[in-house]
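All remarks here apply to the structure that follows.
The values are calculated or read from the model by the stated rules, or taken from the named source; none is laboratory data. Since the model is a prediction, treat every value here as computed from it, not as a measurement. All Cβ positions, even for glycine, are placed from backbone atoms using ideal geometry, and neighbour counts span all protein chains on display. When the accessible area is computed, the model is the full protein with side chains, heavy atoms only, and any ligands, DNA or RNA have been set aside. Shrake-Rupley method; radii C 1.70, N 1.55, O 1.52, S 1.80 Å.
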Amino acid sequence: MAILVTGGAGYIGSHTCIELLAEGHEVVVTDNLVNSKYEAIRRVEEISGHKVTFYGTDLLDRDGLQAVFEKHEVEAVIHFAGLKAVGESVHRPLSYYRNNVMGTLILCETMQKYGVRNLVFSSSATVYGLPERVPITESFPLSATNPYGRTKLMLEEMLQDLANSDSRWSIALLRYFNPIGAHPSGRLGEDPNGIPNNLVPYITQVASGKLASLKVFGNDYSTPDGTGIRDYIHVSDLARGHLSALKQVLGSFGIDAYNLGTGQGYSVLEMIRVFEQVTGRDIAYTIEARRPGDIAVCYANPNKARTELGWQAEKGIQEMAADAWRWQHSNPAGYPVHVDPRRLLG
Ligand code: NAD
Ligand code: WQD
């Protein structure tokens, strides 16, 4: 039996493949490489010493997806594939609804057709919209502040309806807080296209000299130093969370949502200081206006995942920063492009 990982060449998916292979799972990946490179899969194989079966299939390609289910006996799906850039989603909402909502719809229809009803879904803390207080628990009201967030919210609701319609479905909605860091080997990490939108890849590119200076988006929030506070979680801890969720999904029925975060918040200025320590370099920055749509403080109450999934984050902020820096330092241009496997498979 295989675990199908959609979006498995991406940042969180590739780290999750490592954990799956380490536990002896057979791993099949579908990824159209719209935001990733095949090299990530090659390195997953190199680190783990195990083979990954890769298909360059787009989730919107129903026939291609069915062919994957025909070829493999899929036990469960871990579904990462989707577009994730908040700003881009404001300018290209239809691409986000098509890719994220329709892609997931076609995936679920295909799963239903092949009798596969175990699903771990990548949701996001963005579904809490503008939370009234912190720490955030899973029972907080849900809302969206941008089209990307709305796709996650719509999909959570669609999956809830699906689980309500047929008690054989087993679904975990994993609400990630802010994943950062990289595999400790320095071989796998986050490889954003162009100028990074997120804080940590931006900081590491300033530290490496690739970018001149960080723009700190606002220092007038009601936080101790005025800058935004977030719950940063090591991507390997997050990846392990998927294994715990997978076990839960395979051993039960129904649908449940879990926060995957550390429960601890760090401000932008605190993050700059941590990276200065870890890299031994100065991080130049300027204070700029707030970024539209940003919230002051966001961190999880991760107790539900601890008590119900038996999972908790283990790696601290220094380790997250050290691993992010090792990745940036040893892969200044990200992953190289060798061969486009879509020509070979799928
Ligand atoms: P990523 O872009 O690195 O990975 C997503 C992968 O999906 C990419 O490899 C991309 O090529 C693939 N993909 C996209 N559309 C596809 C399609 N139609 N068919 C096949 N493959 C497709 O992003 P990530 O950071 O690894 O995020 C994984 C998931 O987690 C996403 O659903 C994202 O929305 C969610 N998430 C990410 C974060 C974060 O900060 N990174 C936070 C919360 C939730
Ligand atoms: C973190 C903090 C910024 C960049 C985003 C998505 C969210 C989720 C995770 C997918 C904030 C500040 C940032 C910069 C800065 N993704 N910042 N200068 O916004 O918490 O979450 O990624 O689901 O949906 O919105 O993460 O890393 O962009 O920002 O000052 O150049 O760093 O204002 O306080 P965010 P981020």
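Yes/no per residue for (1) within 8 Å of ligand 1 (Cβ to nearest atom); (2) within 19 Å of the chain's Cα centre (by Cα); (3) under 20 Å from S170 (Cα atoms):
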residue: H25; (1), (2), (3): no, no, yes
residue: N32; (1), (2), (3): yes, yes, no
residue: R43; (1), (2), (3): no, yes, no
residue: I47; (1), (2), (3): no, no, no
residue: V52; (1), (2), (3): no, no, no
residue: G64; (1), (2), (3): no, no, no
residue: A67; (1), (2), (3): no, no, no
residue: V74; (1), (2), (3): no, no, yes
residue: V90; (1), (2), (3): no, no, no
Within the range 133-144, restricting to residues that are open to solvent by 50 Å² or more (accessible area, probe 1.4 Å) and more than 10 Å from C298 (Cα to Cα), the one that is nearest to ligand 1 (Cβ to nearest atom) is L142
Margin query: If I filter the range 321-337 for residues that are farther than 20 Å from A182 by Cβ, in contact with a helix residue (DSSP H, G or I) (Cβ under 8 Å, 6 or more places away or on another chain) and touching a residue at least 40 places away in the same chain (Cβ under 8 Å), do I get at least one hit?
Written below: no
Those residues of the range 273-296 that are under 24 Å from the mean Cα position of the chain (by Cα) and within 9 Å of ligand 2 (Cβ to nearest atom) come to a total of 5
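Scan the range 126-139 residue by residue and report those that are touching a residue at least 12 places away in the same chain (Cβ under 8 Å) and in a loop (DSSP other than H, G, I, E, B). Even if it seems obvious, please write down each step before you answer.
Going through the range 126-139, the residues touching a residue at least 12 places away in the same chain (Cβ under 8 Å) turn out to be 126-131, 134-138.
Across the range 126-139, the qualifying residues are G129, L130, P131, V134, P135, T137, E138.
Could you pull out the residue among A85, A40, A81 that is surrounded by 24 or more Cβ atoms within 10 Å (Cβ to Cβ), within 23 Å of N178 (Cβ to Cβ) and within 16 Å of ligand 2 (Cβ to nearest atom)? Give the derivation first.
Details: A85 fails: surrounded by 24 or more Cβ atoms within 10 Å (Cβ to Cβ); A40 fails: within 16 Å of ligand 2 (Cβ to nearest atom).
Result: A81 is the single residue among A85, A40, A81 that is surrounded by 24 or more Cβ atoms within 10 Å (Cβ to Cβ), within 23 Å of N178 (Cβ to Cβ) and within 16 Å of ligand 2 (Cβ to nearest atom).
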The one condition S123 fails out of (1) touching a residue at least 60 places away in the same chain (Cβ under 8 Å); (2) open to solvent by 60 Å² or more (accessible area, probe 1.4 Å); (3) within 16 Å of ligand 2 (Cβ to nearest atom) is (2)
In the set R306, R291, R281, R273, the lone residue that is open to solvent by 50 Å² or more (accessible area, probe 1.4 Å) and within 16 Å of ligand 1 (Cβ to nearest atom) is R291
Residues in the range 31-78 that are in a loop (DSSP other than H, G, I, E, B), touching a residue at least 24 places away in the same chain (Cβ under 8 Å) and basic (K, R) total 1
Being touching a Pro at 6+ places or on another chain (Cβ under 7 Å), within 11 Å of ligand 1 (Cβ to nearest atom) and not hydroxyl-bearing (S, T, Y) narrows G56, G82, G13 down to just G56
Within the range 246-269, of all residues that are within 15 Å of ligand 2 (Cβ to nearest atom) and in contact with a Ser or Thr (Cβ under 8 Å, 6 or more places away or on another chain), the one farthest from L20 (Cα to Cα) is L269
Within the range 91-120, the count of residues that are part of a helix (DSSP H, G or I) and either acidic (D, E) or open to solvent by less than 40 Å² (accessible area, probe 1.4 Å) (or both) comes to 13
Checklist entry - Would the range 310-332 turn up any residue that is surrounded by fewer than 18 Cβ atoms within 10 Å (Cβ to Cβ), in a helix (DSSP H, G or I) and in contact with a strand residue (DSSP E or B) (Cβ under 9 Å, 6 or more places away or on another chain)? => result yes
